[in-house]
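This report refers to the structure that appears directly beneath it.
The values are calculated or read from the model by the stated rules, or taken from the named source; none is laboratory data. Note that the structure is a prediction, hence the values are computed from the model and not measured. Using ideal geometry, Cβ is built from the backbone for each residue, glycine included, and neighbour counts are taken over all protein chains shown. Each accessible area value is taken on the protein alone, full model and side chains, heavy atoms only, with ligands, DNA and RNA left out. Shrake-Rupley method; radii C 1.70, N 1.55, O 1.52, S 1.80 Å.
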Amino acid sequence: MDTFYEPLLQLETFVQAGEKLTGNEGLLLLTGCVESQKTHLMYSLGRGWQVKLILTYSELKAKEIYEEYEALGEEAFYYPAKDFLFFHADIQGNELLKQRMTAVSRLLSGKAAVIVTTLDGCMYPLLPFEQLKDLVLTIGTGGILEMEAVKRRLVRM
């Protein structure tokens, strides 16, 4: 993707925006970008960051950004908001839960992550990551599983 990145380095505004992001100078507002360029700009400004959180105003827009990020060749994770109308329905609810847990799992792994979500997706707090890491139970093939120990651990969780 350097083909698309290199021309941006020639723009003074792009370089200044990158410096402001790395300088932790508060909020950064960029205007004048057409809709089709926004994901490319986010992708380019985010180069070098281990974890990127992209927060947008609607589920539809979050899905669009997620798909565009995937097309740019970067593994992204969609973190949907809980939709209480469908959350208790088996198929839709399980898919939402799977997407949310996949994103959280990626963050817990310590690997690079791009998380795309909405304000609604951030409204339901999670446990602190240190506590979540302690609650992970890994069961692999070929190992011996002590059922009583697993029962006790699940009850503690």
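Excluding V104 itself, calculate the net charge of residues whose Cβ lies under 12 Å from the Cβ of V104, where each Lys or Arg counts +1 and each Asp or Glu counts -1.
Summing Lys/Arg as +1 and Asp/Glu as -1 gives +4.
Could you state the accessible area per residue of the stretch 101-157 in Å², with a 1.4 Å probe and every protein chain left in place?
For the stretch 101-157, the per-residue accessible area is 75 Å².
What does the accessible area per residue of the stretch 1-62 come to in Å², with a 1.4 Å probe and no ligands, DNA or RNA counted?
74 Å²
Nearest 20 debye, what's the magnitude of the dipole of the chain about its Cα centre given +1 on Lys and Arg Cβ and -1 on Asp and Glu Cβ?
700 debye
How high is the FRET efficiency between S58 and Y5 when r is their beta carbon distance and R₀ equals 30 Å, given to the nearest 0.05?
Taking R0 as 30 Å, the efficiency between S58 and Y5 is 0.60.
Among 48-55, 37-44, 115-122, 98-105, how do they line up from the highest to the lowest mean number of other beta-carbon atoms within 10 Å?
In decreasing order of mean packing, 48-55, 37-44, 115-122, 98-105 become 115-122, 37-44, 98-105, 48-55.
Measuring from label point to label point, each 7 Å out along Cα→Cβ, what is the S105 to E148 span in nm?
Label at S105, label at E148, 3.1 nm between them.
Which percent, nearest 5, of DSSP beta bridges in the chain are antiparallel?
Once the DSSP bridges in the chain are tallied, antiparallel ones form about 0 percent.
Consider the candidate values [x] 12.7; [y] 9.8; [z] 9.2; state which one is mean projected area of the Cα convex hull in nm² computed from the structure displayed.
[x]
Among S109, L127, L137, whose Cα projects farthest towards the positive end of the dipole of the stretch 89-140, with charges put on the beta-carbon of Lys, Arg (+1) and Asp, Glu (-1)?
S109
With the full set of protein chains in place, find how many percent of the accessible area of the chain is carbon and sulfur; take the probe as 1.4 Å.
58 percent
Given a Förster distance of 30 Å, report the FRET efficiency between L132 and R47 from their Cβ-Cβ distance, rounded to the nearest 0.05.
In this case the efficiency is close to 0.60.
Give me the log10 of I(q) over I(0) for the stretch 110-157 at q = 0.25 Å⁻¹, as the Debye formula computes it from C-alpha points; what are the numbers?
The Cα Debye sum returns log10 ratios of -1.04.
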